[in-house]
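Take a look at the structure set out below.
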Amino acid sequence: MPRYFFHVHDDIEALDEEGLELPDAQAALNRATVAARQLAAEQVTQGKLHLAHRIDVGDHSGAIVATVAFRDCIEIES
């Protein structure tokens with residue numbers, strides 16, 4: 001099973017050194033989307049939300065196979 005790495009780019013750069021084994025890139029994208037929503041929710045509890053923050057998903061070779069920006073994983077309604 002391939003290993004994917006989830007690099008968080010928010011107030012700090014947190015590079016994932018361990019990664020997770022997942023069936024495919026779609027599963028990694030789904031995992032990154034859930035994580036981005038959780039991080040965005042945590043920001044909201046602190047009274048802020050930075051929509052440009054993101055999670056880059058890397059594969060075993062170091063290539064970025066997906067990027068999930070906070071703005072792309074939530075819907076803001078007024």
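The values are calculated or read from the model by the stated rules, or taken from the named source; none is laboratory data. Small disclaimer: the values here were computed from a predicted structure and weren't measured. Backbone-built Cβ (ideal geometry, glycine too); neighbour counts: all protein chains shown.
Since VAL68 meets every condition but one in (1) modelled with pLDDT of 95 or more; (2) surrounded by fewer than 18 Cβ atoms within 10 Å (Cβ to Cβ); (3) in contact with a helix residue (DSSP H, G or I) (Cβ under 6 Å, 6 or more places away or on another chain), which condition does it not meet?
Unmet for VAL68, out of (1) modelled with pLDDT of 95 or more; (2) surrounded by fewer than 18 Cβ atoms within 10 Å (Cβ to Cβ); (3) in contact with a helix residue (DSSP H, G or I) (Cβ under 6 Å, 6 or more places away or on another chain): (2).
Listed here are the residues, each with its yes/no results for (1) in contact with a Leu (Cβ under 9 Å, 6 or more places away or on another chain); (2) in a helix (DSSP H, G or I); (3) within 15 Å of TYR4 (Cα to Cα); (4) of a type in the set (Val, Ile, Thr).
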| residue | (1), (2), (3), (4) |
| --- | --- |
| ALA36 | no, yes, no, no |
| ALA40 | yes, yes, no, no |
| HIS50 | no, no, no, no |
| VAL68 | yes, no, yes, yes |
| ARG71 | yes, yes, no, no |
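Residue check, ILE55 against (1) touching a helix residue (DSSP H, G or I) at 6+ places or on another chain (Cβ under 8 Å); (2) over 15 Å from LEU15 (Cβ atoms), all met but one. Which one?
Exception for ILE55: condition (2).
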